[in-house]
Amino acid sequence: MEKELETLQRWVDESGSIVFFGGAGCSTESGIPDFRSVDGLYSQSYDQPPETILSACFFKANPEVFFRFHREKLVCPGAKPNAAHLKLAELERAGKLRAVITQNIDGLHQMAGSRNVLELHGTIHRAYCAKCGKAFPEEVLHTGTQVPRCECGGVVRPDIVLYEEGLDEGVMDKSVSYLQSADLLIVGGTSLVVYPAAGLLRYYTGHRLVLINKDPTPYDSRADLILHGPIGQILGQIQVRT
């Protein structure tokens, strides 16, 4: 691992257009469960699996169950940014990191100070009426036991991409642009099995693709550098030099 860390440090030092692509593993060190980990949401006891509850059809048909799940499993009010989030924000302030592309909906990158965050799957920190589109403060989603409703009668929903819904084209286009211009791509805390998000990596055509993850991924054979372990522990050791 020491040799791999030295290589990563050198690449960070030499790069001026870094892009980070991250997933749920970036937030597990902050106490937010990974959907697919042994201790994550997929191991919890619910009548339906999370991918069913978090689908557009289920939301429309069973909003009561959807919001119970949302409040119990998706809202983590005590979560704070970990070393990975903080290091990425530091790299951005130093002018080395151009964008964070994340599959997470928790807003921890912004809490850490990152400004250019592309949220592929939206965020639980915005809310709007599914019928008329009116914006609402996030608190209406996270508290109480009832289904939140707008004055028009529509259900107020979190601004997240549910299963069966497409990703935002504008966010996708910006992500592709940053990936195409990156001189270093760091991918961390993601199994790279969720599409279409994982498919974005094909737009990076450089020769410094770094994968940081606890477990192997389908992209390991394409990586130029692989570091196995918690991403916060690994990125936390990187020095930011301008």
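Whole-Hz ³J(HN,Hα) for each residue in region 193-201, computed from phi via Karplus 6.51 cos²θ - 1.76 cosθ + 1.60 with θ = phi - 60°, x for glycine and proline: what do you get?
The phi angles translate into 10, 8, 10, x, 4, 4, x, 5, 4 Hz.
Rounded to the nearest percent, how much of the accessible area of region 1-146 (1.4 Å probe, protein heavy atoms only) is carbon and sulfur?
50 percent
Do the sum for the chain: with -39,500 (n - 2.57) for every DSSP H run of n ≥ 4, divided by all residues, what is the mean residue ellipticity at 222 nm, to the nearest 500 deg cm²/dmol? Present the calculation step by step, with values, prior to reporting the outcome.
Details: 10 runs with 72 residues, N = 242.
Value at 222 nm, helices only, nearest 500: -7500 deg cm²/dmol.
Take a quick pass over region 54-194 and tell me how many lysine pairs come in under 24 angstrom between Cα atoms, counting only ones 8 or more apart or on separate chains. It would help to have the intermediate numbers written out before the result.
Working: LYS60/LYS73; LYS60/LYS131; LYS60/LYS134; LYS80/LYS96; LYS87/LYS96; LYS87/LYS174; LYS96/LYS174.
Pairs that pass both the separation and distance tests number 7.
Given just the C-alpha atoms of region 42-173, how large is their convex hull per residue in cubic angstrom? Can you show the working numbers first?
On the way: hull volume 16.4 nm³, N = 132.
It is 124 Å³ per residue.
Per residue, how much accessible area does region 171-231 have with a 1.4 Å probe, in Å²?
Values: 2820 Å² over 61 residues.
Per residue, region 171-231 has 46 Å² of solvent-accessible surface.
Counting only Cα atoms, I'd like the Rg/Rh figure for region 136-186, Kirkwood definition for Rh.
Radius of gyration over Kirkwood radius for region 136-186 works out to 1.20.
Per residue, how many Å² of accessible area does region 41-125 show with a 1.4 Å probe? Intermediate values should be presented prior to the final figure.
Values: 3610 Å² over 85 residues.
It amounts to 42 Å² per residue over region 41-125.
Can you bin region 49-93 into rounded, prolate or oblate? Criterion: square roots of the alpha carbon gyration tensor eigenvalues sorted a ≥ b ≥ c, rounded for a/c under 1.5, prolate for a/b above b/c, oblate for the rest. Kindly include the intermediate steps, with their values, before the conclusion.
Working: a/c = 4.26, a/b = 2.68, b/c = 1.59.
Because a/c hits 1.5 or more and a/b exceeds b/c, region 49-93 counts as prolate.
Can you compute 3J(HN,Hα) from phi for each residue in region 227-235, using the Karplus curve 6.51 cos²θ - 1.76 cosθ + 1.60 with θ = phi - 60°, rounded to whole Hz and x for Gly and Pro?
10, 9, x, x, 5, x, 5, 6, 5
With the Cα gyration tensor of region 178-221 giving a ≥ b ≥ c as the square roots of its eigenvalues, does the rule (a/c under 1.5 for rounded; else a/b larger than b/c for prolate; else oblate) give rounded, prolate or oblate?
Working: a/c = 2.08, a/b = 1.36, b/c = 1.53.
Cα axes put region 178-221 in the oblate bin.
Would you mind computing, in nm to one decimal, how far apart the modelled labels at GLU164 and LEU5 are, each placed 7 Å from Cα along Cα→Cβ?
Result: 4.7 nm between the two label points.
Can you compute the equivalent ellipsoid semi-axes for the chain, i.e. the square root of 5 times each eigenvalue of the Cα gyration tensor, sorted largest first and rounded to whole Å? Kindly include the intermediate steps, with their values, before the conclusion.
On the way: eigenvalues 217, 65, 54 Å².
Semi-axis lengths for the chain are 33, 18, 16 Å.
The values are calculated or read from the model by the stated rules, or taken from the named source; none is laboratory data. Here the structure is a predicted model, which is why all the values come from computation and not from measurement. Note: ideal-geometry Cβ built from the backbone for every residue, glycine included; neighbour counts use all protein chains shown. To get the accessible areas, we keep the full protein, side chains included, count just its heavy atoms, and leave off ligands, DNA and RNA. Shrake-Rupley method; radii C 1.70, N 1.55, O 1.52, S 1.80 Å.
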